[in-house]
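Undergrad: Take this structure, written in structure tokens, and hold onto it; I'll ask about it next.
The values are calculated or read from the model by the stated rules, or taken from the named source; none is laboratory data. Keep in mind it's a predicted model, so treat the numbers as computed, not measured. Cβ sites come from the backbone with ideal geometry, for glycine too, and all protein chains shown count toward neighbours. All accessible areas refer to the heavy atoms of the entire protein, side chains included, with ligands and DNA or RNA removed. Shrake-Rupley method; radii C 1.70, N 1.55, O 1.52, S 1.80 Å.
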Amino acid sequence: MDAELPEPHDSQPRAALDREALQAPDFLSATGISQLKVVESTGSTNADLVRAVTVEPKKWADLAVLTAEHQTAARGRLDRHWESPERSAVSVSMVLRPVTADGMPVPTASYSWLSLLAAVALREALQETAGVTAEIKWPNDVLVNGRKIAGILAQMTPLGDGSVPAVILGVGLNVSLAEDELPVPTATSLALEGSTTTDRTALLKSYLSRFARLYRSFCNSEGDPAAGLAGGASLHKRVESAMVTLGREVRAHLPGDHELVGHASRLDEHGSLLVVDHGGREHVVTAGDVVHLRATESGYA
């Protein structure tokens, strides 16, 4: 960059989302979004949808979307909470009820790929709409230049009437935050990364369009991550090619206060991370925090 970007919170007010553009019938029909609701402020869009789907499941169909101008109690993995300044981020959640074109339920075993599918869709949107190249950190972070620009959280809803549970999939993308507004020093924002736009409406439409296209293709392949996706490479290949975690030395913080250090080799058919420890044993990591290690931290130096 030739000049420093202005710090939005010190100059003009941040723009509101364009509700008319987001709720335009042609956009909704083109994407298959069943409804799109915009609220000024809420604790967490994910929590709101989990509650709504549990109480009134018939009112929230597949690809129903909720987005907020401001989240006051956003939740990440391991129950971490944070709050971004109003209108500085894209905070969006959606209801997913995966079925094929014939109306058959997609196997719940493939649901573990949905957050990774969202990461692929967001990565494509950032590249094509903002001119920013992003990478995926397993299991559900999106990074730019090694710093976290977005987080993804997928939650299964309770089994109420014995039917297949819905998935609530949320994304939080840092858009116009300045350095002193970041939640942690290892985070970043589109403004700080020289994005060609910080228009949250354009970014949200771009993400939703790409997600809906990939999601429908994934569902029609019965959730097979090895099947070609939307006329291109499979979801498995798309994720692996964009995942910075693979090939790295990592420390995995596992449930129950366990820890594993080793080489992140590949993803299995469920999207789990396979880590080879220093004794040559391969471990399947299905959940937990993963830290990328430098060579001096790996135990090999």
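Undergrad: Filter region 161-204 down to the residues that are assigned to a helix (DSSP H, G or I) and surrounded by 20 or more Cβ atoms within 10 Å (Cβ to Cβ) and list them by number. I'd like the intermediate steps shown before the answer.
TA: Residues of region 161-204 that are assigned to a helix (DSSP H, G or I), as a first pass: 179-181, 200-204.
Scanning region 161-204 gives ARG200, LEU203, LEU204.
Undergrad: Which one is most open to solvent (accessible area, probe 1.4 Å), of the residues in region 134-150 that are farther than 13 Å from HIS292 by Cα and at pLDDT 95 or above? Write out each step before concluding.
TA: So the first thing to find is which residues in region 134-150 are farther than 13 Å from HIS292 by Cα, and the list is 134-135, 140, 142, 144-145, 149-150.
Then drop every residue that is not at pLDDT 95 or above, which leaves 134-135, 142, 144-145, 149-150.
Details: ALA134: 2, GLU135: 77, VAL142: 0, VAL144: 4, ASN145: 128, ILE149: 1, ALA150: 2 Å².
Checking each candidate, the answer is ASN145.
Undergrad: Give region 138-158 a look and list any residue that's more than 10 Å from the chain's Cα centre (by Cα) and in a loop (DSSP other than H, G, I, E, B), or say none.
TA: Correct list: TRP138, ASN145, GLY146, THR157, PRO158.
Undergrad: Is it true that some residue in region 120-128 is modelled with pLDDT under 95 and on the phi < 0 side of the Ramachandran plot? Please lay out each step first, then the result.
TA: So in region 120-128, the residues modelled with pLDDT under 95 come out as none.
Checked against the condition, which is being modelled with pLDDT under 95 and on the phi < 0 side of the Ramachandran plot, region 120-128 yields no hits at all.
Undergrad: When you go through GLY131, GLY76 one by one, which is the residue that is in contact with a Gly (Cβ under 6 Å, 6 or more places away or on another chain) and either modelled with pLDDT under 95 or more than 20 Å from VAL39 (Cβ to Cβ) (or both)?
TA: Numbers: GLY131 fails: in contact with a Gly (Cβ under 6 Å, 6 or more places away or on another chain).
Checking each option against the conditions leaves just GLY76.
Undergrad: On to the next question. List pairs: first in region 241-259 and more than 15 Å from VAL284 (Cβ to Cβ), second of a type in the set (A, V, I, L, M) and open to solvent by 50 Å² or more (accessible area, probe 1.4 Å), Cβ under 7 Å, 6+ apart or cross-chain?
TA: Hits for this filter: ARG251/VAL291.
Undergrad: Further question: Only one residue in GLY280, GLY223 is in a loop (DSSP other than H, G, I, E, B) and without any contact (Cβ under 8 Å) to a residue 24 or more places away in the chain, so which one is that?
TA: Details: GLY223 fails: without any contact (Cβ under 8 Å) to a residue 24 or more places away in the chain.
GLY280 is the lone residue from the list that is in a loop (DSSP other than H, G, I, E, B) and without any contact (Cβ under 8 Å) to a residue 24 or more places away in the chain.
Undergrad: Do we find a residue being open to solvent by less than 10 Å² (accessible area, probe 1.4 Å), among the hydrophobic types (A, V, I, L, M, F, W, C) and within 23 Å of ASN174 (Cα to Cα) anywhere in region 214-230?
TA: At the first step, the residues of region 214-230 found to be open to solvent by less than 10 Å² (accessible area, probe 1.4 Å) are 214-215, 218-219, 223, 229.
Applying the additional criterion that residues be among the hydrophobic types (A, V, I, L, M, F, W, C) yields 214, 218-219, 229.
If we keep only those that are within 23 Å of ASN174 (Cα to Cα) as well, we get 214.
Within region 214-230 (the criterion being open to solvent by less than 10 Å² (accessible area, probe 1.4 Å), among the hydrophobic types (A, V, I, L, M, F, W, C) and within 23 Å of ASN174 (Cα to Cα)), the answer is yes, since at least one residue qualifies.
Undergrad: So ARG216 passes all but one of these: (1) out of contact with any strand residue (DSSP E or B) (no Cβ under 9 Å at 6 or more places or on another chain); (2) part of a loop (DSSP other than H, G, I, E, B). Which condition number does it fail?
TA: Of (1) out of contact with any strand residue (DSSP E or B) (no Cβ under 9 Å at 6 or more places or on another chain); (2) part of a loop (DSSP other than H, G, I, E, B), only one is false for ARG216: (2).
Undergrad: Sticking with this one: Among the candidates GLU282, GLU259, which residue alone is touching a strand residue (DSSP E or B) at 6+ places or on another chain (Cβ under 7 Å), over 20 Å from LEU116 (Cα atoms) and at pLDDT below 95?
TA: On the way: GLU282 fails: at pLDDT below 95.
Only one candidate qualifies: GLU259.
Undergrad: Taking SER88, is it modelled with pLDDT under 95, of a type in the set (Ser, Thr, Tyr), surrounded by 22 or more Cβ atoms within 10 Å (Cβ to Cβ) and more than 11 Å from the chain's Cα centre (by Cα)?
TA: Values: modelled with pLDDT under 95: no; of a type in the set (Ser, Thr, Tyr): yes; surrounded by 22 or more Cβ atoms within 10 Å (Cβ to Cβ): yes; more than 11 Å from the chain's Cα centre (by Cα): yes.
No: the conditions fail for SER88.
Undergrad: Among (1) assigned to a loop (DSSP other than H, G, I, E, B); (2) modelled with pLDDT of 95 or more; (3) more than 18 Å from SER91 (Cβ to Cβ), there is one condition ALA30 misses while meeting the rest; what is its number?
TA: If we test ALA30 against (1) assigned to a loop (DSSP other than H, G, I, E, B); (2) modelled with pLDDT of 95 or more; (3) more than 18 Å from SER91 (Cβ to Cβ), just (1) comes out false.
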